[in-house]
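K.L.:
Would you mind keeping the following structure in view while I ask a few things?
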Amino acid sequence: MGNGSIVEFIAGLPKAELHVHLEGTLEAELKFRLAARNAVDLPYADVDAMRASYVYHDLPSFLAIFYEGSFVLHREEDFRDLVYAYLEKVAGQNVVYAEMFFDPQQHTDRGIPFSVMIEGLTRGRIEAERDFGIRSQLIMCFVRERSAESAMAVFEMALPYKHLIVGLGLDSDEKDNPPEKFAEIFRRGREEGFRLTMHCDVDQKNTHEHIRQAIEEIGVERIDHGANLLDRPELIAMAGERGLFFTVCPYANEMMRPGERQSIARGMLDRGLRLTLNLDDPAYMEGKYINENMLMVHELAGFEREDLLTVTRNAFDAAWIDEDLRRELHGKLDAYALAASGSGAVSSA
Ligand SMILES: [Zn+2]
């Protein structure tokens, strides 16, 4: 690798991805292909016109466009194609392990059977591992603006397939939808052996209280985003004591807080919080995948090679995998770091 550029360093780094919404990886080309397969009319003439329509100013306007996209997913093979295309893409960026969110309520509400969705997603994972060597698991998210009863219904549907789902999450529109609304489901989820995470989106109403509930009342192991924790010393202390991980998404944060030079990632790193770097919804974010997100924090927040190794180690530690696989992933990373340091690409300090 020599004294290669930061771009080469990032490209070669073996990486994990822990915060990506599968429905948010649906690129316009695949959307058109699935629409044709399922005879769904799209209100766009072509891929360029569709991409040009991806304009948002806040979370609800983003979600409106995002949900429209999922309407092309109908059959098992559609879900298979969705996950396979994503894993193929990120395997090409040296992602060796991915945990991927899916939102069943987006689909069961349209009459798609849970079995069709989970079997398609699972087949895509297995085929991608066979073809590209990339390992992956699924995290099932509840759509938080819908009722707790709706979430419980989908939770019950998932139980026969729980061996195919590693964890539970919570996403979508946070306003007036606090973690405690779903306390009972997450309590049952823990009993059933699911690992727990939850979105606490950036700059939401009552965000500090939502973060506190996620940590103290729900007992999450990770927080997706969690930026506003940085405003409160007592929350920072709580996260430190409990060893919480944070899945930070640089490109998404740039949309939420433009011009702040990635203050969220920088702030977490400087306070010793265990952050990881992730994608969120790349198909709706100018096609920025993990390498581009890492480059963004390098350019805007001064993340150097040692810092990128640290966040990658954090991601392997945060992953919900067995210890054999964790050792294997750390082994790959350590070998890479050693080679890079031998070549002068990373300081040995
Ligand atoms: Zn997200």
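K.L.:
Using a 1.4 angstrom probe and counting only protein chains, how large is the accessible area of Arg188 in Å², to 10?
P.N.:
Roughly 50 Å² of Arg188 is accessible to a 1.4 Å probe.
K.L.:
Starting from 0 in steps of 10 Å, tell me what percent of the Cα-Cα pairs of the chain lands in each bin.
P.N.:
P(r) over the chain, rounded to whole percents: 5, 26, 36, 25, 7, 1.
K.L.:
Positive end of the charge dipole of region 6-342 (Lys, Arg +1 and Asp, Glu -1 on Cβ, about the Cα centre): tell me which of Thr310, Leu59, Gln106 has its Cα farthest that way.
P.N.:
Comparing the listed Cα positions along the dipole, Thr310 ranks first.
K.L.:
Which length gain, in nm to one decimal place, applies between Glu234 and Arg130 when the Cα-Cα distance is subtracted from 0.36 nm times their residue separation?
P.N.:
32.9 nm
K.L.:
Could you rank Met238, Met117 by how accessible they are, 1.4 Å probe, largest area first?
P.N.:
The residues order as Met238, Met117, largest area first.
K.L.:
Take the solvent-accessible surface of the protein heavy atoms, probe 1.4 Å, and return the percent of it on the chain that carbon and sulfur atoms account for.
P.N.:
50
K.L.:
Could you report the accessible area of Glu145 in Å², rounded to 10, computed with a 1.4 Å probe on the protein chains as they sit in the structure?
P.N.:
Solvent-accessible area, nearest 10 Å²: 70 Å².
K.L.:
Something else about it: Within region 6-342, how many lysine pairs that are 8 or more places apart, or on different chains, have C-alpha atoms less than 21 Å apart?
P.N.:
Summing the qualifying lysine pairs gives 9.
K.L.:
Shifting gears a bit: How big is the dipole moment of region 6-342 about its Cα centre under a simple scheme where the beta carbon of each Lys and Arg is +1, that of each Asp and Glu is -1, and everything else is neutral? Debye, nearest 20, please.
P.N.:
Its charge dipole is roughly 460 debye.
K.L.:
Another question about this same structure. Can you give the accessible area per residue of region 14-148, in Å², using a 1.4 Å probe?
P.N.:
The answer is 36 Å² per residue.
K.L.:
Right, another one. With the contact rule set at Cα under 8 Å and sequence spacing of 6 or more, what percent relative contact order holds for region 6-342?
P.N.:
In percent, rounded to a whole number, it is 19.
K.L.:
Given the options Leu13, Leu230, Pro178, identify the residue whose Cα lies farthest towards the positive end of the charge dipole of the chain (+1 on Cβ of Lys, Arg; -1 on Cβ of Asp, Glu).
P.N.:
Working it through, the farthest residue towards the positive pole turns out to be Leu13.
K.L.:
Separate question: Quick check: with the 1.4 Å probe, what order do His74, His330, His57, His199 take by accessible area, largest first?
P.N.:
Accessible-area ranking of His74, His330, His57, His199, largest first: His57, His74, His330, His199.
K.L.:
Please give the FRET efficiency for Ser5 paired with Leu338, using the beta carbon to beta carbon distance and R0 = 25 Å, rounded to the nearest 0.05.
P.N.:
Efficiency computed from Cβ-Cβ geometry: 0.85.
K.L.:
Another one. Given the protein chains as shown and a 1.4 Å probe, how many square angstrom of Thr310 are accessible, to the nearest 10?
P.N.:
Here the residue's solvent-accessible area equals roughly 60 Å².
K.L.:
Next up: Order the following by accessible area, largest value first: His19, His298. Probe radius 1.4 Å; ligands, DNA and RNA are ignored.
P.N.:
Largest accessible area first, the residues go His298, His19.
The values are calculated or read from the model by the stated rules, or taken from the named source; none is laboratory data. Please read all numbers here as calculations on a predicted model, not as lab measurements. Neighbour counts run over all protein chains shown; Cβ positions are idealised from the backbone, glycine included. For accessibility, only protein heavy atoms count, side chains too; no ligands or nucleic acids. Shrake-Rupley method; radii C 1.70, N 1.55, O 1.52, S 1.80 Å.
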